[in-house]
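Working notes, structure below.
The values are calculated or read from the model by the stated rules, or taken from the named source; none is laboratory data. All figures in this text were calculated on a predicted structure; none of them were measured in a lab. Virtual Cβ from ideal backbone geometry, glycine too; neighbours counted across all protein chains shown. Just so you know, the surface numbers come from the protein's heavy atoms only, side chains and all, with ligands and any DNA or RNA stripped out. Shrake-Rupley method; radii C 1.70, N 1.55, O 1.52, S 1.80 Å.
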Amino acid sequence: MTGNQFLQGNEACTYGGLAAGALFFAGYPISPATEIAELCSNLLPAKGGVFIQMEDEIASIAAVIGASLGGMKAFTATSGPGLSLMQENIGLAIMAEVPCVIINVQRFGLSTGIATQPGQSDIMATRWGTHGDHSIIALAPSSVQECFDLTVEAFNLAERFRTPVVVLTDAVIAHLRESVYIPEQVKIINRTRPSGPVEGYRPYAPGENLVPVPPNFGDEYILRVTGLVHDEYGYSSDNPDVGGQLVNRLIDKIENYTRELPQPEYTGPENPDVIIISYGISARSALAAARRIRCQGISLGVLKLKTIWPFPEQAVAKICARAPRVVVAEMNKGQILREVKAAGITRAIGLNRTDTRVIMPGEIISYVKERCACATG
Amino acid sequence: MKRWQILLCGSGGQGLGLAGKILATAALYDGLYAVQSQSYGARARGGYSASGVVINNRNIYFPLIEQPNLLLVLTEEAYQKNVTPGHDVEHIIFDSDYVPLAPGQQKYGLPLARWAGELDNPKGVAILSLGVITALFGLVTPENVERAIAENIAPALLEANLRCYRKGMEVGGSEKYTFSPLKNLN
């Protein structure tokens, strides 16, 4: 399917995955992510791919890891409750450097919450849900077009960095239908394959940019996979130096290259009175609010995040230096606000909503008028 | 053109999501900007369900319904949720068999579900309502609505749904139902 289409966010994520070369999906249906599994079950077999409905989300991510180790581009889709179940194996995928994509369609609340209503409160669960020091990449689309584009990007980043990448959407974007342009061809990154002698091959030796070049299962090169600390051959080790070097490399291979991840997008005047930082459906409200408030004598800029993790600290700090007031609008209790403050923008304040209702443009306008009045004279 | 915010609401299984998709698709065929959103409960059928369509001749920055200016209401629950004191909706079309409205309100009640049932297609109530909306407000061209219906409904069910749509068009365009003053509103 190419050209102009009228698609739901979930459909666009699925087509994005397929355009990036995914041929394997394992998942367990869950609102509001189910359409991704449903569409994969229709499309993948016809492309020679594999769709498996697993018994739960633990098995789903395990199957995805297995497929990826065998050389396939693989993904799954879930919502908060499923993300919780996947956390142990996400840690394994980070540790064993297995590329894969997890689409997490955020719904409201903790535990099973409200199944069909939106939220943006899985931000920290995505970052720190699995135990131990690590880095993770998470991207957040705020339109159906970005559902397509950022899912393609997620696969490319997963292959490049050899790590799981999470696409964080929400129930509104997932079920929203918008016009989408699907190009004939997208830029695809395929994983590099080992070369050279089989004898003495070290699958976890850092290659270019600290990323190793492990083989697929079944190749003539031997691949040992473990969640334990391991040396460059893949043998488990309790050596402190091996452990320290491994964990640091797993973090640095991503964090040293954050400028190459999708950058935050700024829309607005050069030196606005207020900058709204937002992402996902909330960013759409912020963009509408900025347009409407212009005729009311306040200048509002919008900084829309695309990469959520690693948090783009430097880019955010640089852009926010242009405005005396910074507001972070998000449907949670301030999960990104903390990151913004940690980036040195201690003056940032939060516009937070935690009741399934989307933050409306009018709410942002009222909030800016009330809370940022001194900035506007 | 003003920003049309159309909320189609009723109960799960009435085809409101599909009707919203068809309306938005027809608007896109007309060269307009259109988006469609959906909200529903956890049950497959029954329970409150709504589909929002925003249509404009300019880019749509915020894709959800803030305050509907055209409301289709098929159940009493949907009425209670969306018609609140102090929030006047410009146009309300409601199913007069299911939604009790206070007398004197300038709203438009029709036995929509009953008519769909009489056409042997009770599930066609939302499509029938689309016909009423198309005829009344001229938001989108009827040919493009029929094109969108044909693309979104299985061939075996197409005839039954086109019958519903055309019945809605006939009613919406009929002076018998005293809708004619509305026609110039957009």
Fill in the blank from the handout: Quick note, region A:106-184: a/c under 1.5 would make it rounded; otherwise a/b > b/c is prolate and the rest oblate (a ≥ b ≥ c, C-alpha gyration tensor); here it is oblate
Handout entry: Rounded to the nearest 20 debye, dipole of region A:266-374 from Cβ charges on Lys, Arg, Asp, Glu
Key = 100
Problem - All aspartates and glutamates inside 14 Å of A:Lys333 as judged from Cα atoms, apart from same-chain residues fewer than 8 positions distant - result: A:Asp122, A:Asp355
Handout entry: Per residue, in Å², the accessible surface of chain A once ligands and nucleic acids are set aside, probe 1.4 Å
Key = 39
Problem - Between region B:1-43 and region A:2-20, the Cα center-to-center distance that results, in Å - result: 19
Fill in the blank from the handout: Interface call, region A:169-213: threshold 40 Å², probe 1.4 Å, accessible heavy-atom surface of protein chains, chain by itself vs complex, result A:His175, A:Leu176, A:Arg177
Exercise for the section: Go ahead and set up a Gaussian network model of chain B, Cα springs under 10 Å, then flag whichever of B:Leu139, B:Leu157, B:Leu74 fluctuates most. Expected result: B:Leu157
Practice task
State the answer as a single residue: which of B:Leu32, B:Pro85, B:Ser129 lies farthest towards the positive end of the charge dipole of chain B, with beta carbon charges of +1 for Lys and Arg and -1 for Asp and Glu, about the Cα centre.
Solution key: B:Leu32
Fill in the blank from the handout: Once the dipole of region A:58-159 is set up from charges on Cβ (+1 Lys and Arg, -1 Asp and Glu), the residue from the list A:Gly132, A:Phe108, A:Phe75 lying farthest towards its positive end is A:Phe108
Completion exercise
Sorted by chain and number, the residues with a modelled amide H under 5 Å from that of A:Ala74, at a separation of 5 or more or across chains, are A:Val101
Practice task
Work out the count of Lys pairs in chain B where the Cα-Cα distance is under 17 Å, with the pair 8 or more places apart or on different chains.
Solution key: 7
Practice task
Give a residue-ordered list of calculated ³J(HN,Hα) values for region B:55-68 (Karplus: 6.51 cos²θ - 1.76 cosθ + 1.60, θ = phi - 60°; whole Hz; x for Gly, Pro).
Solution key: 10, 8, 8, 10, 3, 9, 6, 9, x, 9, 7, 8, 9, x
Completion exercise
Here the longest stretch of chain A that holds no GluC sites (Glu not before Pro) in a DSSP loop having at most 16 other beta carbon atoms within 10 Å is A:56-183
Problem - Where region B:66-172 is the region considered: accessible area per residue in Å², 1.4 Å probe - result: 45
Exercise for the section: Tell me what chain A gives for mean residue ellipticity at 222 nm when only DSSP H runs of n ≥ 4 count, each as -39,500 (n - 2.57), the sum divided by the residue total, rounded to 500 deg cm²/dmol. Expected result: -11000 deg cm²/dmol
Completion exercise
Given unit charges at Cβ for Lys, Arg (+) and Asp, Glu (-), the dipole magnitude of the protein assembly as shown about its Cα centre in debye, nearest 20, is 1520
Completion exercise
Buried accessible surface, B vs A, both sides, probe 1.4 Å, in Å² to 100, equals 1700
Handout entry: Highest-first arrangement of B:52-58, B:83-89, where packing means the average Cβ count within 10 Å
Key = B:52-58, B:83-89
Fill in the blank from the handout: Computed about the Cα centre, the charge dipole of region B:4-173 from +1 Lys/Arg and -1 Asp/Glu charges at the Cβ has a magnitude in debye, to the nearest 20, of 260
Handout entry: Antiparallel bridge percentage (DSSP; both residues within region A:1-262; nearest 5)
Key = 30
Practice task
Using a 1.4 Å probe on the heavy atoms of the protein chains only, list every residue of region A:102-129 that has 50 Å² or more less accessible area in the complete assembly than in its chain alone.
Solution key: A:Thr116
Fill in the blank from the handout: With N residues in chain A, Rg(alpha-carbon) / (2.2 N^0.38 Å) equals 1.00
Exercise for the section: Determine the percent antiparallel among the DSSP beta bridges restricted to region A:266-374, to the nearest 5. Expected result: 15
Practice task
Provide a list, ordered by number, of residues in region B:60-104 showing at least 40 Å² less accessible area with every protein chain present than when their chain is taken on its own, using a 1.4 Å probe.
Solution key: B:Tyr61, B:Phe62, B:Pro63, B:Leu64, B:Glu66
Problem - Listed residues A:Gly207, A:Asn190, A:Leu223: farthest to the positive end of the dipole of region A:173-233 (Cβ charges) - result: A:Asn190
Exercise for the section: Enumerate the aspartates and glutamates that A:Lys318 could reach by cross-link, defined here as Cα to Cα under 13 Å, with residues fewer than 8 away along the same chain left out. Expected result: A:Glu265, A:Glu270
Exercise for the section: Could you pull out every one of the lysines with an alpha carbon less than 21 Å from that of A:Lys253, ignoring same-chain neighbours closer than 8 positions? Expected result: A:Lys73, A:Lys306
Exercise for the section: Would you mind pulling out the separation of the Cα centroids of region A:318-377 and region A:130-181, in Å? Expected result: 23
Problem - Fraction of beta bridges assigned by DSSP in the protein assembly as shown that are antiparallel (%, nearest 5) - result: 40
Practice task
For chain A, with a Gaussian network of springs between Cα atoms less than 10 Å apart, report the residue from A:Ala286, A:Ala125, A:Ala19 with the top mean-square fluctuation.
Solution key: A:Ala125
